[in-house]
Structures are given as structure tokens and as C-alpha cells.
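Notes follow once the structure below has been shown.
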Amino acid sequence: MPRVLIVDDEEGVCELLRDVLEDAGYEVLVSYNARDAFGILASQSLDTVLLDIRLPDADGMQMMEEFNKMGLHVPVILMTAFGTTEIAIQAMKQGAHDYLNKPLNLDELLLAVNKAVKMRQLVSEVANLREKLDDEIDPDDSFIGQSKDMQEIFKVIGKVADSDITVLIQGESGTGKEMVARAIHNNSRRNNLPFVKINCASIPEGLMESELFGHEKGSFTGAISQKPGKFELAHSGTVFLDEIGELSQLAQTKLLRVLQEKEFERVGGTRSIKVDVRILAATNRNLKRLVAEGKFREDLYYRINVVNVQLPPLRERKEDIPILFNNFLKKFSHKYNKQINGVSREALAVIESYNWPGNVREMRNICEQAVVMTRGPAVLVEDLPISNNGGYSRDGNGMGAQGQINFNRPLKDIVSEVEKQAILNALNKNNWNRQETASALGLNRRSLYAKMKEYNLL
């Protein structure tokens, strides 16, 4: 039988709550002050605590601090007749499982207690699940996978890393193309030299040539001084051309020369600059189709596609999903200083059945959101902004349980929240295809990229 401790100095409130909870099948203990409550907590096994914020010998917030110092991980539901926005926020920051205003709504109270008890009972189950996953991953490794496809990719990385061969990495948005490029660089003889990433989708077409190859002073309006380009800065190291399918025809021609001749000129310059760089490229677009449409140079395609790495979408390597999620869970639990042991079986079932159109990047964002939202030592289904029918249930960054926006904030925060949610919904609806998402939102690809970067969706 689940055990609940009521800590309140009002005897009438305690007796009412005792009757209600005992009728609902709970074993109830009562304390009228903080001193006795700590004694019970030290000697009894409890499933949750109903704690009044104002007690004769202590403040409920101070007691929460003591609970944390003592390592007590019992879910606490705070109660108060003096509810304010500041108290509610502080209660959640202190780690309260829930917060209820007096006079108490008994249906709400029973629901809160039921959730808290369920959370407590999940702890041992979650610990067992996490122990299994801990045996399978390195928490410091952010490029992981035990599926057959990923193991084959790791083998390819090992084979090509020490050579200077050009590699084209292809796959859907969010599958980890940059991670593959970094793994190749980190395991190469150039690993102590620069790794320069160039996102071809984020650079305006008019500035692309200058960004890649630099410019001379006075070569165009605003060129007030000489500037070296990315290739020059990457000399002796590795250049990673992300979203290479977005390069203009002129930039493609110049890039081809670098690959063939190992030299280039700055914009407005006449002197050829020799450069020794390894080229790695990535795209989520079908370059063969772009070649057929005359939008991508065929000779450049064959130059960069010497070795091809095709990353599978997350939905095609289901066995990696719980391992990846647990890895992110550890990282974000540490980042936000929260003690989260894992996920419930119900939440894990939703995670494993979800289609993950945004792949590993989407999982990273959802896991971070779940870590911030969960009030206990485990991620529950209601903490996930996805549902088992494959859709988003809420944004989790200010959206209420019924999807309502919290308007008690500065206007810019409300606007940002709505904009982020609109972008997330469009990405999910269009399987995280940026071109289709940009069209649906009435944006161009570069504007969408800038918004995704602003809202940490990359």
C-alpha cells in the first residue's frame, strides 16, 4: 500500500486529507511540524509528501532545501493558502513535484498524489533500465550506435580517416553528418590542425566567394581591409562543406579548381594562394538529381563523391533509439544539475514507436525539453512533447498542459515561443525537409536556417 506523509499545522486539514487519501487506498502518516516530519522521513519509507509551505517551526521552501541536502528523493507536493507567482516558480525551482493552492480541490489533490506515487514506484524500474543502457554506452561519446548500419559506417570511417580522400556524407537532416565529418578528422593525421566548417546554406550568395576564398581591401563596397577566407584559415587541416548542394554555380567552379589545382585567388586579388586541405562534404539533397537538372556541376559531383557515406535515418535503426536517448539524458541532466535516473517503460515505448522525422537532432531537442520539464527522478510520458500517435503534444517551453500559451511573460518571449512552435510543427509535418518547411512557412531556406539556429533546432 503506498504511504503518504501529510505535514500541516492545521489539524482539521490533516484529518480531512487523511480520510480522503485512506478512502483512495493510501496509508497515511501525519505530522504537524517540521521537526517530527524530518523524524518520520529519516525512519520511514514513503512514496510522497504533502507539505504545507508555512509551518510553526520551519518554512516549506527551507525544508525542500534540506531534503535535497539529505539526498531524500521522495516526491513533494507543496500546499499553501498564500499562493503567488514567485512562490510557485520558487517551488518548482526547488524541485517540488507539484504545487497546490488552498482551499484544496480534492480531485486535483488525488490526481497529484497518484502521479507522485507512480513516479516513486517507477524509480527502481527506471534504475534497472538505465543500468542496462549504461553497460552499452560511453556517456562522453556523442556519436554512438550499435545497429548494423552504424557499425558499417564506423568501419568506413576507420578505413578512410588516415588518407586524404574526399568523402561525401549524405543523409536526412539531423542524422549526424557533421559528427561523421568530425570523426574522420579526429582520427586523421590532421587531427591537431584546423577543422573548419562552412555551412553553405547560411551564407548569402553574394558573400559566398568572399567567405570561402577571402577578399582584398577595396575589392567591393565594405571591404575595408584584407580578409583571409575559410580555405586559407584551414590550411593543413580539414574543410567541411555542409549543405554543399546550396553552392552557387560560381562557387562550385572555384571549389572545383581548389580540388584540382590546390590553389585559388581572393576576391579582387591576382596572386594565386596555394592551400593544402582535406575536403569533406555533406548534403541532405539528392545531388544526382541536381546534376540532372543542371543545378550542380557533374565534374564537381564526381570530385567530392570519391567515397560515399550514407547515414540511415533514425527510424531505420530502432535499436539505437534507447541508447541515444539515454546518452542525451545523461548530458542534459548534468547540464541542468538534475538527478534523473532514466525513463519509465511507458515513456520508452513512446520514444521507440515515434517516427523521429528530425532524426538525432530532434531527439536531442526533445530530450533536453523533457529533462527541463520533469519534476522527479524519471522522465514520464507526460514529460515528452510527443505522443504515441506520432505527433507533438505540446511545446514544453511555456505551453500549458492543454497547449495554452503562458501570457504572463514579456511580449518578445511570447512571440518567440509561438514562432518556435510554428517552425517545429512545420518541420515535423514536412519530415524535417527544410525546403518544404521553408515553402510552407513562406520563407527562403536561409531565413529558415537562421530561425532554426536562433531556436537551437540545428
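The values are calculated or read from the model by the stated rules, or taken from the named source; none is laboratory data. Quick caveat, the model's predicted, so the values are computed rather than measured. Cβ atoms come from the backbone with ideal geometry, glycine included; neighbour counts cover every protein chain shown.
Here the condition is being part of a strand (DSSP E or B) and touching a Leu at 6+ places or on another chain (Cβ under 8 Å); of 371, 350, 360, 309, it holds for 309 alone.
Sort out which residues of segment 211-246 are part of a loop (DSSP other than H, G, I, E, B) and either in contact with a helix residue (DSSP H, G or I) (Cβ under 7 Å, 6 or more places away or on another chain) or among the small types (Gly, Ala, Ser) (or both), and write them in order of number. Of everything in segment 211-246, those that are part of a loop (DSSP other than H, G, I, E, B) and either in contact with a helix residue (DSSP H, G or I) (Cβ under 7 Å, 6 or more places away or on another chain) or among the small types (Gly, Ala, Ser) (or both) turn out to be 214, 218, 219, 222, 223, 225, 229, 234, 236, 237. Return a yes/no flag: does segment 78-92 have any residue that is surrounded by 12 or more Cβ atoms within 10 Å (Cβ to Cβ) and at positive phi. So far as segment 78-92 goes, no, none of its residues is surrounded by 12 or more Cβ atoms within 10 Å (Cβ to Cβ) and at positive phi.
For segment 168-198, a residue qualifies if it is under 20 Å from the mean Cα position of the chain (by Cα) and among the polar types (S, T, N, Q), and the qualifying residues are 173, 175. Mind listing whichever residues of segment 191-230 are among the hydroxyl-bearing types (Ser, Thr, Tyr), surrounded by 16 or more Cβ atoms within 10 Å (Cβ to Cβ) and modelled with pLDDT under 85? Hits for segment 191-230 are 202, 219.
Among the residues of segment 310-317, some residue qualifies, meaning at least one is of a type outside the set (A, V, I, L, M), in contact with a Phe, Trp or Tyr (Cβ under 6 Å, 6 or more places away or on another chain), surrounded by 12 or more Cβ atoms within 10 Å (Cβ to Cβ) and over 29 Å from residue 239 (Cα atoms). In the set (1) modelled with pLDDT under 85; (2) in contact with a His (Cβ under 9 Å, 6 or more places away or on another chain), the condition left unmet by residue 76 is number (1).
When segment 269-293 is limited to residues that are hydrophobic (A, V, I, L, M, F, W, C) and assigned to a helix (DSSP H, G or I), the one that is nearest to residue 234 (Cα to Cα) turns out to be 287. Can you find a residue that is under 30 Å from residue 201 (Cα atoms), charged (D, E, K, R) and either crowded, with 21+ Cβ neighbours inside 10 Å or modelled with pLDDT under 85 (or both) anywhere in segment 386-406? Checked against the condition, which is being under 30 Å from residue 201 (Cα atoms), charged (D, E, K, R) and either crowded, with 21+ Cβ neighbours inside 10 Å or modelled with pLDDT under 85 (or both), segment 386-406 yields at least one hit. Scan segment 247-268 for residues that are small (Gly, Ala, Ser) and either in a helix (DSSP H, G or I) or not assigned by TED's automatic domain parsing to the domain that holds residue 197 (or both) and the total you get is 1.
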